[in-house]
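Undergrad: One structure follows; several queries about it will come next.
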Amino acid sequence: MSTCGLRCIKLVYEQARNWFLANWDPSLSVKNWWRLLAESGWGYPHWPVGQFGKSMSRQEHMEVERARVSVGAFGVPNDVSVTLVAPTLMEHGNEILLNRYLEPIATGQEMWCQLFSEPDAGSDLAGLKTSAERDGDRWIINGSKVWTTGGHASRRAVLMARTDPGADRHSGISFFILDMKQPGVTVSTLRDMTGDEEFNQVSLTDVEVDHQDVIGELGEGWRVAMTMLQHERDADAVGHDGGGDVINQVDLTAPVGEVQDEQKQGGTTSGFFYATGSVKDDVTFNLLNQLAPNRDPVLRDAETVAKVNRNLLDLNASRDLHPSIGKLLNAALCRELRDLGFAAGPASQLAHGDAIDEGHFLKSGLFASGMSIAGGTDEIQRNIIGERVLGLPREPAVEANTSRREP
Ligand SMILES: Cc1cc2nc3c(=O)[nH]c(=O)nc-3n(C[C@H](O)[C@H](O)[C@H](O)COP(=O)(O)OP(=O)(O)OC[C@H]3O[C@@H](n4cnc5c(N)ncnc54)[C@H](O)[C@@H]3O)c2cc1C
């Protein structure tokens, strides 16, 4: 990672802005734009040189994003594959895995999902029961997963399964890459209260995984999963301002400018809250300006609290503090923005064509509580902050050798 002073930061911004001014073309297909972004290194500037990036620091990366937004260019895919799988592969994957999977991820060709949670293993993730048994060069997987976001549309998944039932809860787990389009994978969609069907229950019956598709060492799956969860909790790394939304909702052959226009109001339900920086604030404050231009003192007060929380979140990002702190702040901000929007008047609570923003805000509001659960609940983040950041005594274990969704 390079280090960068103020002058260098300005240079990064100018270079990036010049590149986007010269190359942004809304008439390109999404597919071709995403390829151009990936191959230029300006789509993933924080990834290593030679792996679709420019080895830039987090701060430099934020400048590139600022430059992109200033030109109005569409961002890279905002999907589990880009935000979680790629950085985990870079940390724990070998060359074969990187060569095989990084390019389709960087260019937005494949959507992935995360097969972690089970009906009896959510916060207590180490209690997972899905089994993987070795058969020569392959593994045979059996079990059931739940709350799998995007599972119905995914080409591949990352999967946690128990490879050594005799070992203790954490060391008997391994981390696999699973082909979702093979016999034995049954995906049933679950409808959430927004009316969307993004969640899934996934049952795995004698499903096969090639031994080469194990990420990290056998029995080291807990460590790999914790890397992925750290990225998931990193409120600043999840999603990219105004960028491409989950891949299954994007027509790759459509002109990128058209897809961008469709997503202007915050896009899909989850897209709105996964967006970083000021996008979700802008949507809410625009809504407030339309619905309650002369806000009463209570609404103004709530608006100030949300703005303070946004500043805290930005401060957290610039200081690179523990991801659980950012995750808690982000979840709180989502709830505050929801409450602000809803308090602005009944028009913010209408659905579909009657609504001021075609109902996106209502859906986002209903989805807001989910941000306090996904990737580990608020209570679990508080436990982690207490134990890992403040050094408080560990939570008493329910049984010997128990730990809950944390390293
Ligand atoms: C929007 C969204 C997307 C998701 N996407 C995925 C996905 O793609 N893949 C995937 O695998 N999972 C996914 N999940 C599932 C998510 O990871 C789990 O819901 C979460 O880890 C909580 O597990 P649980 O639902 O089993 O709740 P439980 O673990 O049963 O928790 C119930 C309640 O008990 C509290 N609690 C539990 N343990 C403790 C403790 N030790 N101390 C204090 N309080 C505690 C919790 O905070 C919670 O309030 C998603 C969830 C949401 C909401």
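Undergrad: Any chance you could give the angle, 0 to 90 degrees and rounded to 10, that helix 221-233 forms with the longest Cα principal axis of the chain?
TA: 10
Undergrad: Take the Cα pairs of the stretch 1-123, get the Kirkwood Rh, then feed it into Stokes-Einstein at 4 °C and 1.567 mPa s and tell me D in µm²/s.
TA: So the translational diffusion coefficient is about 84 µm²/s.
Undergrad: While we're on this one: Can you give the longest run of the chain that contains no GluC sites (Glu not before Pro) sitting in a DSSP loop with at most 15 other Cβ atoms inside 10 Å?
TA: Answer - 1-196.
Undergrad: Write down the radius of gyration of the stretch 281-366 and its Dmax, each obtained from C-alpha positions, in Å.
TA: 13.9, 43
Undergrad: Quick one: dipole size for the stretch 98-148, taken about the Cα centre, charges +1 on Lys/Arg Cβ and -1 on Asp/Glu Cβ, in debye to the nearest 20.
TA: Computed charge dipole of the stretch 98-148: roughly 40 debye.
Undergrad: Nearest 10 degrees is fine. How inclined is helix 58-71 to the longest principal axis of the chain, computing both from alpha carbons?
TA: Around 50 degrees separate the two axes.
Undergrad: If I take every Cα pair under 8 Å that is 6 or more residues apart in the chain, average their sequence separation and divide by the length, what percent do I get for the relative contact order?
TA: 15
Undergrad: So, one more: Give, in nm to one decimal, the length gained when the segment between VAL308 and LEU6 is fully stretched (0.36 nm per residue of separation minus the Cα-Cα distance).
TA: 106.2 nm
Undergrad: For the stretch 334-349, just list the computed ³J(HN,Hα) in residue order, Karplus coefficients 6.51, -1.76 and 1.60, θ = phi - 60°, integers in Hz, with x standing in for Gly and Pro.
TA: Calculated HN-Hα couplings, in order: 4, 5, 5, 5, 4, 5, 4, x, 5, 6, 6, x, x, 4, 6, 9 Hz.
Undergrad: Please give the helix 297-319 orientation as an angle from the longest Cα principal axis of the chain, in degrees from 0 to 90, rounded to the nearest 10.
TA: 50
Undergrad: Let me ask you something else. Could you derive backbone 3J(HN,Hα) for the stretch 160-165 from the dihedral phi with the Karplus parameters 6.51, -1.76 and 1.60 (θ = phi - 60°), listing whole Hz in sequence and x where the residue is Gly or Pro?
TA: For the stretch 160-165, the Karplus-derived couplings read 9, 9, 8, 9, 9, x Hz, x marking Gly and Pro.
Undergrad: Can you tell me the alpha carbon radius of gyration of the chain divided by the globular rule-of-thumb value 2.2 N^0.38 Å?
TA: Against the compact-globule rule of thumb, the ratio is 0.99.
Undergrad: Then there's this: Evaluate the charge dipole of the chain about its Cα centre and quote only its size in Debye, nearest 20, assuming +1 on the Cβ of each Lys and Arg and -1 on the Cβ of each Asp and Glu.
TA: Around 800 debye, computed over the chain.
Undergrad: How large is ³J(HN,Hα) for each residue in the stretch 125-135, as worked out from phi by the Karplus curve 6.51 cos²θ - 1.76 cosθ + 1.60 (θ = phi - 60°), to whole Hz, x for Gly and Pro?
TA: Karplus values, whole Hz, x for Gly and Pro: 4, 5, x, 5, 10, 3, 10, 10, 10, 6, 9.
Undergrad: Would you please give the residues with an amide H less than 5 Å from that of SER55, counting only those at least 5 places away or on a separate chain, with H modeled from the backbone geometry?
TA: TRP47, VAL49
Undergrad: Choose one of HIS46, SER27, LEU125: the residue whose Cα lies farthest towards the positive end of the charge dipole of the stretch 1-138 (beta-carbon charges +1 Lys, Arg; -1 Asp, Glu; about the Cα centre).
TA: The Cα lying farthest towards the positive end belongs to SER27.
Undergrad: Let me ask something else about it. On a straight-distance basis, which aspartates and glutamates could pair with LYS10 in a cross-link, Cα separation under 18 angstrom, same-chain partners fewer than 8 positions away excluded?
TA: Within reach: GLU60, GLU63, GLU65.
Undergrad: Check which residues have an amide H placed less than 5 Å from VAL207's amide H, if you skip close sequence neighbours.
TA: Under 5 Å from the amide H of VAL207: ILE141.
Undergrad: Please go through the stretch 124-193 and write out the trypsin sites (Lys or Arg not before Pro) that DSSP classes as loop and that have at most 16 other C-beta atoms within 10 Å.
TA: LYS129, ARG155, LYS181, ARG191
Values in this text are rule-based calculations from the coordinates and carry no lab data. Worth saying up front: this structure is predicted, and the values here are computed from it rather than measured. Virtual Cβ from ideal backbone geometry, glycine too; neighbours counted across all protein chains shown.
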